[in-house]
1. Quick check, is residue 73 open to solvent by 60 Å² or more (accessible area, probe 1.4 Å) and β-branched (Val, Ile, Thr)?
2. Restricting to segment 4-38, what's the tally of residues that are touching an Asp or Glu at 6+ places or on another chain (Cβ under 6 Å) and part of a loop (DSSP other than H, G, I, E, B)?
3. Which of the residues spanning segment 153-177 are outside any strand (DSSP E or B) and either under 15 Å from residue 12 (Cα atoms) or among the polar types (S, T, N, Q) (or both)?
4. For segment 65-75, give me each residue that is in a loop (DSSP other than H, G, I, E, B) and within 21 Å of residue 21 (Cβ to Cβ).
5. Scan segment 110-124 residue by residue and report those that are of a type in the set (A, V, I, L, M, F, W, C) and more than 11 Å from the chain's Cα centre (by Cα).
6. Name the residue, out of 84, 58, that is closer than 17 Å to residue 108 by Cβ, in contact (Cβ under 8 Å) with a residue 12 or more places away in the chain, in contact with an Asp or Glu (Cβ under 7 Å, 6 or more places away or on another chain) and small (Gly, Ala, Ser).
7. For segment 39-56, give me the residue count where each residue is part of a loop (DSSP other than H, G, I, E, B) and under 20 Å from residue 151 (Cα atoms).
8. Starting from segment 137-158, take each residue that is open to solvent by 10 Å² or more (accessible area, probe 1.4 Å) and list its partners that are of a type in the set (Gly, Ala, Ser), counting only C-beta distances under 7 angstrom and pairs at least six apart or across chains.
Amino acid sequence: MVGAIMQCLVVSDSHGDRDILVQLLAHYEGKVDAFFHCGDSELQHDDAVFDKMYVVRGNMDFDGQLPEAVHPTIKDVPVYMTHGHLVGVNMGLDHLLANAQANHAQLAFFGHTHQLGVERHDGILLLNPGSISFPRGEFTRIGGTYAIVTTSADAVDVQYYDRQQHAVPELKFHFSH
């Protein structure tokens, strides 16, 4: 990782809930370095919310102008993002990891499963922010989540938040280099 601190917001599977994206942008603009939407927004590629957000096409996005994957570099941190359905995330993260490695990414973001999760393999952080609108799995009770990822020279920290922008205390993760 790099010496400078990089912070980004990762959200996914909003399924037409544009208002939550507007709220997140308004709350975090100027506080994070980048916004990522991992697909299934059900919005058009030229929607104004995407002017300040990296976005990919999910299996419920029918705008062919949304990319299947993006791999920007934010403050010297290479990121790979895809929705997940095309790399089989329901069956494991091997293909996602391989694509992240092929793109020399240090962070890999995906959605599709509506279940939050974060793990690290071969120095690459694999993160699903969960669904902001229709969560599934163990943390459904939270009612929707997104994540803030913070990288520094010696660590990557992940904090999950609920729809009201409150940190979820049991969903804080620290990965040392």
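1. For residue 73, the condition - open to solvent by 60 Å² or more (accessible area, probe 1.4 Å) and β-branched (Val, Ile, Thr) - is met.
2. 3
3. 163, 164, 165
4. 65, 66, 67, 68, 72
5. The answer is 124, and nothing else.
6. Working: 84 fails: in contact with an Asp or Glu (Cβ under 7 Å, 6 or more places away or on another chain).
One residue alone meets the criteria, 58.
7. Within segment 39-56, residues that are part of a loop (DSSP other than H, G, I, E, B) and under 20 Å from residue 151 (Cα atoms) number 1.
8. Within 7 Å, the pairs are 139/130; 153/3; 154/176.
The values are calculated or read from the model by the stated rules, or taken from the named source; none is laboratory data. Values in this document were obtained by computation on a predicted structure and should not be read as measured data. As a convention, Cβ positions derive from the backbone with ideal geometry for all residues, glycine included, and neighbour counts pool all protein chains shown. The area values use the complete protein model at the heavy-atom level, side chains included, leaving out ligands, DNA and RNA. Shrake-Rupley method; radii C 1.70, N 1.55, O 1.52, S 1.80 Å.
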